[in-house]
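The values are calculated or read from the model by the stated rules, or taken from the named source; none is laboratory data. Keep in mind it's a predicted model, so treat the numbers as computed, not measured. So basically every Cβ, Gly included, is an ideal-geometry build from the backbone, and we count neighbours across all protein chains shown. Keep in mind that these areas ignore ligands, DNA and RNA; they rest on the heavy atoms of the full protein, side chains included. Shrake-Rupley method; radii C 1.70, N 1.55, O 1.52, S 1.80 Å.
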Amino acid sequence: DQQVKQNSPSLSVQEGRISILNCDYTNSMFDYFLWYKKYPAEGPTFLISISSIKDKNEDGRFTVFLNKSAKHLSLHIVPSQPGDSAVYFCAASARAPGTYKYIFGTGTRLKVLA
Amino acid sequence: DAGVTQSPTHLIKTRGQQVTLRCSPKSGHDTVSWYQQALGQGPQFIFQYYEEEERQRGNFPDRFSGHQFPNYSSELNVNALLLGDSALYLCASSLVQGGEQYFGPGTRLTVT
């Protein structure tokens with residue numbers, strides 16, 4: 001039972017354009033969502049998070065949008081840079097019930113073309 | 001400020017053997033979680049330790065066990081290794097009151 005889904009295994013974007021990565025979830029108890037970036041031979045690096053009481057969080061070039069009614073979140077990267085090429089994972093947790101484990105999606109490989 | 005460190009980097013074991021992986025959390029963090037990442041998949045939660053106790057566990061058999069030491073470092077032990085245990089094992093640290101989990105570089109375990 002995949003509670004967090006990233007349906008696009010890969011995405012290619014031109015340098016300078018917007019990258020949009022999508023994530024869907026099924027568990028309505030999830031109240032905290034995160035995006036991680038992973039380069040080969042490294043562990044995931046935290047990028048940005050959002051609590052379910054918000055619908056948008058912005059940090060520099062990265063913005064995460066949360067649509068609770070659709071159980072959907074997205075990560076926007078503007079402008080995209082070649083160094084952004086990596087695998088991006090979305091993750092979710094249900095903190096309010098006292099569950100702190102993260103449930104990860106399967107990842108989307110982003111390639112930013114110079 | 002040292003981040004999360006893990007040892008060893010790579011490990012090759014034979015079916016039926018036992019393995020111990022080690023993790024030192026980010027400075028100031030008191031909670032350690034372990035994840036297994038199979039090829040092409042996202043990390044899967046194994047368990048979390050706080051105050052030297054297993055606080056939460058994912059859907060992994062009892063062959064997977066852990067320990068947390070008074071200095072907050074942690075070990076993951078896997079007994080009776082199976083070929084399917086071959087994966088990247090990730091350690092993540094955080095603060096018990098919440099906040100993001102910070103990951104180490106992982107230990108690549110190959111079971112032959």
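If you put +1 on each Lys and Arg Cβ and -1 on each Asp and Glu Cβ, how big is the dipole of region B:5-107 around its Cα centre, in Debye rounded to 20?
360 debye
Can you compute the FRET efficiency between B:LEU95 and A:ALA114 using 1/(1 + (r/R0)^6), with r the Cβ-Cβ distance and R0 = 41 Å? Round to the nearest 0.05.
0.60
Describe numerically, in nm with one decimal, the distance between label points set 7 Å from Cα along Cα→Cβ at B:HIS67 and at B:THR112.
2.8 nm
Heavy atoms only, probe 1.4 angstrom, no DNA, RNA or ligands counted: give me A:ILE48, A:ILE20, B:ILE12 ranked by accessible area, highest first.
Largest accessible area first, the residues go B:ILE12, A:ILE20, A:ILE48.
For chain B, report the accessible area per residue in Å² (1.4 Å probe, heavy atoms, rounded to an integer).
Values: 5280 Å² over 112 residues.
Solvent-accessible surface per residue comes out at 47 Å².
Normalised by the number of residues in chain A, what is the relative contact order in percent for Cα pairs under 8 Å and 6+ residues apart?
With pairs under 8 Å counted, the relative contact order is 37 percent.
Loop only by DSSP, 13 or fewer other Cβ within 10 Å of the Cβ. Give me the GluC sites (Glu not before Pro) in region B:7-112 that pass, ordered by residue number.
Numbers: sites: B:GLU51, B:GLU52, B:GLU53, B:GLU54, B:GLU75, B:GLU100; in loops: B:GLU51, B:GLU52.
Here the GluC sites (Glu not before Pro) that fit, given the DSSP loop and packing criteria, are B:GLU51, B:GLU52.
Need one number: the % of Cα-Cα pairs in the protein assembly as shown sitting beyond the 34 Å mark.
So the pairs more than 34 Å apart make up 14 percent of the total in the protein assembly as shown.
First select every other residue whose beta carbon is under 9 angstrom from the beta carbon of A:PHE89; then total the charges, Lys and Arg +1, Asp and Glu -1. Could you put the intermediate results ahead of the total?
On the way: positive: A:LYS37, A:LYS38; negative: none.
Net local charge, A:PHE89 excluded: +2.
No solvent, one uniform scatterer per C-alpha: report log10 I(q)/I(0) for region A:4-113 via the Debye equation at q = 0.10, 0.12 1/Å, two decimals.
Evaluating at q = 0.10, 0.12 Å⁻¹ gives log10 I(q)/I(0) of -0.26, -0.37.
Considering only A:GLY107, B:GLN44, B:LEU88, whose Cα is most displaced toward the positive end of the charge dipole of the protein assembly as shown, charges sitting on Cβ of Lys, Arg (+1) and Asp, Glu (-1)?
A:GLY107
So if I place +1 on the C-beta of Lys and Arg and -1 on the C-beta of Asp and Glu, and nothing else carries charge, what would the dipole magnitude of region A:37-114 be about its Cα centre? I want it in debye, nearest 20.
Dipole of region A:37-114, to the nearest 20 debye: 220 debye.
Can you give me the C-alpha center-to-center distance between region A:16-90 and region B:2-44, rounded to a whole angstrom?
With region A:16-90 and region B:2-44 each reduced to a Cα centre, they are spaced 24 Å.
Across every pair of different alpha-carbon atoms, what Kirkwood hydrodynamic radius in Å does chain B reach? Before the final figure, lay out each step's value.
On the way: mean 1/r = 0.0722 Å⁻¹.
So the Kirkwood estimate lands at 13.9 Å.
Filter the trypsin sites (Lys or Arg not before Pro) in region B:1-66 to those in DSSP coil with at most 13 other Cβ atoms within 10 Å of their Cβ, and list the result. Intermediate results must be reported in sequence, preceding the final value.
Numbers: sites: B:LYS13, B:ARG15, B:ARG22, B:LYS26, B:ARG55, B:ARG57, B:ARG63; in loops: B:ARG15, B:LYS26, B:ARG63.
Passing sites in region B:1-66 are B:ARG15, B:ARG63.
Just how large is the dipole of the protein assembly as shown about the Cα centre, in debye to the nearest 20, putting +1 at every Lys and Arg Cβ and -1 at every Asp and Glu Cβ?
Dipole of the protein assembly as shown, to the nearest 20 debye: 580 debye.
So what does A:HIS72 come to for accessible area, using a 1.4 Å probe and Å² rounded to 10?
50 Å²
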